[in-house]
Amino acid sequence: MPQREKLITAFLDAQGWGDAAQAEVPGDASARRYRRLTHSDGRKAVLMDAPDSEGGPSEYAQTAKLSDGKMVAFTAIAQQLSMRGFSAPKIYGADLEAGLLLLEDLGDDLYAPVAAQNPAMEKQLYEAAIDCLAAIYRSTFPQQMDSFEQSWTVGAYDEVALLAETDLLLDWYAPHKGLNIEADKMRDAWRNAFVHLEGQPSGLTLRDFHAENIFWLPERQSVFRVGLIDFQDAVMGHPAYDVVSLLEDARRVVSSDMIDPLITRFCDKAVITNEAAFRSAYAVLGAQRNAKILGIFVRLAKRDGKAKYLDLLPHVETLFAANLAHPALSEIKALFDGAGS
């Protein structure tokens, strides 16, 4: 878009990066675009290009507590994480109205390729990520955050938001698989399962914490070796959610012999004394997240023409089936068994 390019050029000129070499960085399933910038003096940065969606937030985004591309959500959470020493990208420049950010370049070492190329490092990588999540959970974050003269309220990951996400399975995955599921009965079953989320204080939940969204920064120390991105949809929720996101990765198989010790490690580091209750919540949120992902992957394929996401369904279906084997999910499992799943 020529007009968009004019805005980008003006922004980079104002930040002193107008003459930097630019290279596109592969994006994700969102509408955000990224460019890596290399200044003539060797400095590097990343341009995030994320214009506001037209017409304001969708009804689903509001219900599910999504930022819907609001740039202030990213900058506010990034600054709060950075203030506490966590390795979110530093913000070098911002034009929130235009949807443009100039960010610290965290490099190329995403967890997924590093683990694939160095299998012997997987345990070290995942222990560092678990320790980082525990440290985030033990930190205090405000719900109201100010950033660049704007304000952002971090929503609560409540029953309404959780159900909005599980409905994606009913709307997209169930028709795709020919499943006959009564929506009202399924929602009631989820509500009963969500009882297992009570009793543990909420904390900042980054919501999309997995191997393609975190970087390995070995030159840093302790939990700060984990670089954080894609946290603009963060909410205040149960600490098991991000642990599930990491260990039940929709795009890669985490070594099964590591999972139980990592869950225990998180409970120890986060000072969660009732590990049995945490594991029940882990199973419920695993089912909830995998139900959402099954719906999203089918939607990406059917609505958005991204057929590659159908190739990921068998792995997520395996994770979902394992979740449903937990007693806390027995009612939901019975509904799926009766639907021909």
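FYI, it's all coordinate maths here, none of it is from the lab. Bear in mind the structure is a predicted one, so any value in this text is a computation, not a measurement. Here the Cβ positions follow ideal geometry from the backbone for every residue, glycine too, while neighbour counts run over all protein chains shown.
A307 to T273: FRET efficiency via 1/(1 + (r/R0)^6), r the Cβ-Cβ distance, R0 51 Å, to the nearest 0.05? Intermediate values should be presented prior to the final figure.
Details: r = 46 Å, r/R0 = 0.91.
It comes to 0.65.
Treating the angle as unsigned and between 0 and 90°, give the value, to the nearest 10°, between the Cα long axis of helix 2-15 and the longest Cα principal axis of the chain.
Helix 2-15 sits roughly 70 degrees off the main axis of the chain.
Distance between the C-alpha centers of the stretch 185-261 and the stretch 280-341? Whole Å please.
Computed from Cα coordinates, the inter-centre distance equals 16 Å.
For K177, list the lysines whose Cα falls under 22 Å from its own Cα; do not include residues on the same chain fewer than 8 positions away.
Partners found: K185, K292, K302, K306, K308, K333.
With each pseudo-label sitting 7 Å past Cα toward Cβ, what's the V253-D337 distance in nm, one decimal?
According to this spin-label approximation, the distance is 2.6 nm.
Tell me the net charge near V254. Cut-off is 9 Å between Cβ atoms, V254 excluded, with +1 for each Lys or Arg and -1 for each Asp or Glu. Intermediate results must be reported in sequence, preceding the final value.
Details: positive: R252; negative: E122, E248, D249.
So the surrounding residues net to -2.
If each residue's Cβ is checked for other Cβ atoms within 10 Å, how do F266, F224, F278 rank with the fewest at the top? Each step should come with its number before you reach the end.
Working: F266 26, F224 16, F278 23.
Starting with the residue having the fewest Cβ neighbours, the order is F224, F278, F266.
Taking the Cα atoms of the stretch 256-305 alone, what are Rg (to one decimal) and Dmax (as a whole number) in Å?
Using the Cα atoms of the stretch 256-305, the pair Rg, Dmax is 15.3, 46 Å.
Using all alpha carbons of the stretch 146-266, what is the percent of pairwise distances in each 10 Å bin, ordered from the shortest bin to the longest?
10, 31, 37, 17, 4, 0
Relative to the longest principal axis of the chain, what angle (0 to 90°, nearest 10) does the C-alpha long axis of helix 275-302 take?
The angle comes out near 70 degrees.
Over the stretch 1-127, consider all pairs of different Cα atoms and compute the Kirkwood hydrodynamic radius from their mean reciprocal separation; express it in Å, one decimal.
Numbers: mean 1/r = 0.0609 Å⁻¹.
Result for the stretch 1-127, one decimal place: 16.4 Å.
Just the ratio, please: alpha-carbon radius of gyration of the chain over 2.2 N^0.38 Å, N its number of residues. List each step's numbers first, then the result.
Details: Rg = 20.2 Å, N = 341, 2.2 N^0.38 = 20.2 Å.
Rounded to two decimals, the normalised Rg is 1.00.
Using the beta-carbon distance between V195 and A14 and R0 = 45 Å, what value does 1/(1 + (r/R0)^6) give for FRET efficiency, to the nearest 0.05?
Working: r = 52 Å, r/R0 = 1.16.
For R0 = 45 Å, the calculated efficiency reads 0.30.
Name the lysines eligible as straight-distance cross-link partners of K269: C-alpha to C-alpha under 27 Å, and not fewer than 8 places from it in the same chain.
Partners within reach: K90, K123.
Go ahead and run the numbers for FRET between S40 and E182, Cβ-Cβ distance against an R0 of 41 Å, rounding to 0.05. Before the final figure, lay out the partial values.
Numbers: r = 63 Å, r/R0 = 1.54.
According to the calculation, E is roughly 0.05.
Leaving out same-chain residues fewer than 8 places away, which lysines sit with a Cα under 20 Å from that of K6?
Of all the lysines, none pass the test against K6 - Cα under 20 Å, at least 8 places apart if same chain.
Sort S67, S280 so that the residue with the fewest other Cβ atoms within 10 Å of its own Cβ comes first and the one with the most comes last. Write out the running numbers ahead of the final one.
Values: S67 23, S280 20.
Listed from fewest to most nearby Cβ atoms, that is S280, S67.
Sort the following peptides by mean Cβ neighbour count (other Cβ atoms within 10 Å, averaged over residues), highest first: 234-241, 45-52. Please list the in-between numbers first.
Working: 234-241: 25.0, 45-52: 19.2.
The densest-packed peptide leads the list: 234-241, 45-52.
Cα axis of helix 159-168 to longest principal axis of the chain: angle in degrees, 0 to 90, nearest 10?
90
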